[in-house]
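To keep things clear, I will list the structure first and then write my remarks on it.
The values are calculated or read from the model by the stated rules, or taken from the named source; none is laboratory data. Since we're looking at a predicted model, the values are computed, not measured. A quick note on method: Cβ atoms are made from the backbone with ideal geometry, for glycine too, and the neighbour counts reach across all protein chains shown. With ligands, DNA and RNA removed, areas are computed over all heavy atoms of the protein, side chains included. Shrake-Rupley method; radii C 1.70, N 1.55, O 1.52, S 1.80 Å.
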Amino acid sequence: MLRVLPMHVAICALTFCRPDGIRCLLAGLGRLHEPSGATVEVIVVDNDEARSAEAVVQAAAGTIRWPVQYIVEPRRGIAQGRNRAVAAAHAAGADFVAFIDDDEVPSPAWLDELLRVQVATHAGVVTGPVVPVFQEPPPAWVVQGAFFERPRFPTGERLTYARTSNVLIEGSLMRDTATPFDERFGLSGGEDTHFFMRVRLGGAHIVWADGAMVSELVPATRVSVRWLVRRAYRRGNTLSLCLRDLSDSWPRRGRRVAGGILQVALGTVRLASAVAGRARAVAGLAQIAYGVGLVTGLVGVRYEEYRTVHGG
């Protein structure tokens, strides 16, 4: 059992019209190991003003050993919901805020591992692996292309990025503003990219905890060429929107444009040589989309991914 200094941790999850997803997440939180020396609470922010998750959360609350707080944030937007969760965590005196998504299930050791690595490294941000679990068996080209696999690193390795799908954040990093997650990214996503870039530029360290694993349900609606290409475009677009806002200069813009053009060129070559199979063709299309996103983000174009809900 992990031994830590007395601390209070708020586990925060944002949900929007995913009753099955939030039900599975809360069941997983009920199976978490209890970290010794830490008090814990769970905060669920429902971004649906119709309160569609309320009954699910109330039913699950009795299966979780820690207090569960249910909050409605009627303003539509993922950043708006995260900010509401952070405000609730601050009001509860949380020393750390852990974020996990409503289409994920944590391993029993998830919180233990995040806290263990934080205590060992004193990092302001600790993040870990997200492993895909497909709702339906994926086609061979998806497996061959490893399109849903994310990179993993040795525990303790320092990174330049993190995601709110699996992260522990020191509370002090989010107290400098009432809106730590930029609400311009409410429907586009990328509010976490913006936040973690900002705190890293401010001197915070981001480290990896390879044992803090969560599983992500991948619905059939995401297993498509169209979705993968759009994801690649949004990634490039978000990175350039963040550069414009946090680290802008004409030389950086020039390098980013050159990088975007290079990605388009390399993707085109990959696509043209895709006789070996569909996986290579999709990878080429995604690389082209990523390069286009890098360029369009520099002129302020924003793709609103979260107007569509995937999964139930």
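Report whether or not Ser107 is open to solvent by 20 Å² or more (accessible area, probe 1.4 Å), small (Gly, Ala, Ser) and touching a residue at least 60 places away in the same chain (Cβ under 8 Å). Even if it seems obvious, please write down each step before you answer.
Numbers: open to solvent by 20 Å² or more (accessible area, probe 1.4 Å): yes; small (Gly, Ala, Ser): yes; touching a residue at least 60 places away in the same chain (Cβ under 8 Å): yes.
In short, yes.
Please verify whether the range 132-143 includes one or more residues that are assigned to a helix (DSSP H, G or I), touching a residue at least 40 places away in the same chain (Cβ under 8 Å), farther than 26 Å from Gly77 by Cβ and not aliphatic (A, V, I, L, M).
Taking every residue of the range 132-143 in turn, at least one turns out to be assigned to a helix (DSSP H, G or I), touching a residue at least 40 places away in the same chain (Cβ under 8 Å), farther than 26 Å from Gly77 by Cβ and not aliphatic (A, V, I, L, M).
Among the residues of the range 224-279, write down those that are in a loop (DSSP other than H, G, I, E, B) and charged (D, E, K, R).
The answer is Asp248, and nothing else.
For the range 223-246, which positions are open to solvent by 30 Å² or more (accessible area, probe 1.4 Å) and over 16 Å from the mean Cα position of the chain (by Cα)?
Within the range 223-246, the first condition is being open to solvent by 30 Å² or more (accessible area, probe 1.4 Å), and the residues that meet it are 223-227, 229-231, 233-235, 239, 244-246.
Answer for the range 223-246, where residues must be open to solvent by 30 Å² or more (accessible area, probe 1.4 Å) and over 16 Å from the mean Cα position of the chain (by Cα): Val223, Ser224, Val225, Arg226, Trp227, Val229, Arg230, Tyr233, Arg244, Asp245, Leu246.
Among the residues that make up the range 110-124, is at least one of them under 19 Å from Ser165 (Cβ atoms) and without any contact (Cβ under 8 Å) to a residue 40 or more places away in the chain?
No, the range 110-124 contains no residue that is under 19 Å from Ser165 (Cβ atoms) and without any contact (Cβ under 8 Å) to a residue 40 or more places away in the chain.
Can we say Leu285 is modelled with pLDDT of 95 or more and loosely packed, with under 14 Cβ neighbours inside 10 Å?
Values: modelled with pLDDT of 95 or more: yes; loosely packed, with under 14 Cβ neighbours inside 10 Å: no.
Judged against the criteria, Leu285 is not a match.
Given the criteria surrounded by fewer than 17 Cβ atoms within 10 Å (Cβ to Cβ) and either without any contact (Cβ under 8 Å) to a residue 40 or more places away in the chain or of a type in the set (S, T, N, Q) (or both), does Ala91 qualify? Don't jump to the end; show me each part of the working.
Working: surrounded by fewer than 17 Cβ atoms within 10 Å (Cβ to Cβ): yes; either without any contact (Cβ under 8 Å) to a residue 40 or more places away in the chain or of a type in the set (S, T, N, Q) (or both): yes.
Yes, satisfied.
Could you run through the range 8-65 and say how many residues are touching a Ser or Thr at 6+ places or on another chain (Cβ under 8 Å), in a strand (DSSP E or B) and open to solvent by less than 20 Å² (accessible area, probe 1.4 Å)?
4
Please go through the range 159-218 and pick out each residue that is in contact with a Leu (Cβ under 9 Å, 6 or more places away or on another chain), polar (S, T, N, Q), at pLDDT 95 or above and part of a loop (DSSP other than H, G, I, E, B).
Thr164
Give the residues of the range 66-84 that are touching a strand residue (DSSP E or B) at 6+ places or on another chain (Cβ under 8 Å), closer than 15 Å to Phe99 by Cα, not in a strand (DSSP E or B) and not hydrophobic (A, V, I, L, M, F, W, C), sorted by residue number.
Scanning the range 66-84 gives Gly81, Arg82, Arg84.
Restricting to the range 140-153, give me the number of residues that are open to solvent by 50 Å² or more (accessible area, probe 1.4 Å) and more than 21 Å from the chain's Cα centre (by Cα).
So the answer is 3.
Given the criteria at pLDDT 95 or above, farther than 22 Å from Ala286 by Cβ and open to solvent by less than 30 Å² (accessible area, probe 1.4 Å), does Val130 qualify?
Numbers: at pLDDT 95 or above: yes; farther than 22 Å from Ala286 by Cβ: no; open to solvent by less than 30 Å² (accessible area, probe 1.4 Å): yes.
No, not satisfied.
Only residues that are assigned to a loop (DSSP other than H, G, I, E, B), among the aliphatic types (A, V, I, L, M) and under 25 Å from Cys24 (Cα atoms): list them for the range 99-131, please.
Correct list: Ala109 only.
How many residues are acidic (Asp, Glu), touching a strand residue (DSSP E or B) at 6+ places or on another chain (Cβ under 8 Å) and crowded, with 17+ Cβ neighbours inside 10 Å if we restrict to the range 156-191?
Step one: filter the range 156-191 for residues acidic (Asp, Glu), giving 157, 170, 176, 182-183, 191.
From the residues that got through so far, the ones that are touching a strand residue (DSSP E or B) at 6+ places or on another chain (Cβ under 8 Å) too are 157, 170.
Then keep just the ones that are crowded, with 17+ Cβ neighbours inside 10 Å; that gives 170.
Of the residues in the range 156-191, 1 are acidic (Asp, Glu), touching a strand residue (DSSP E or B) at 6+ places or on another chain (Cβ under 8 Å) and crowded, with 17+ Cβ neighbours inside 10 Å.
Could you look through the range 66-88, keep only residues that are more than 21 Å from Asn166 (Cα to Cα) and not β-branched (Val, Ile, Thr), and pick out the one that is most open to solvent (accessible area, probe 1.4 Å)?
Applying the first criterion (more than 21 Å from Asn166 (Cα to Cα)) to the range 66-88 yields 72-76.
Checking the rest, the ones that are also not β-branched (Val, Ile, Thr) come to 73-76.
Values: Glu73: 10, Pro74: 69, Arg75: 112, Arg76: 95 Å².
The qualifying residue most open to solvent (accessible area, probe 1.4 Å) is Arg75.
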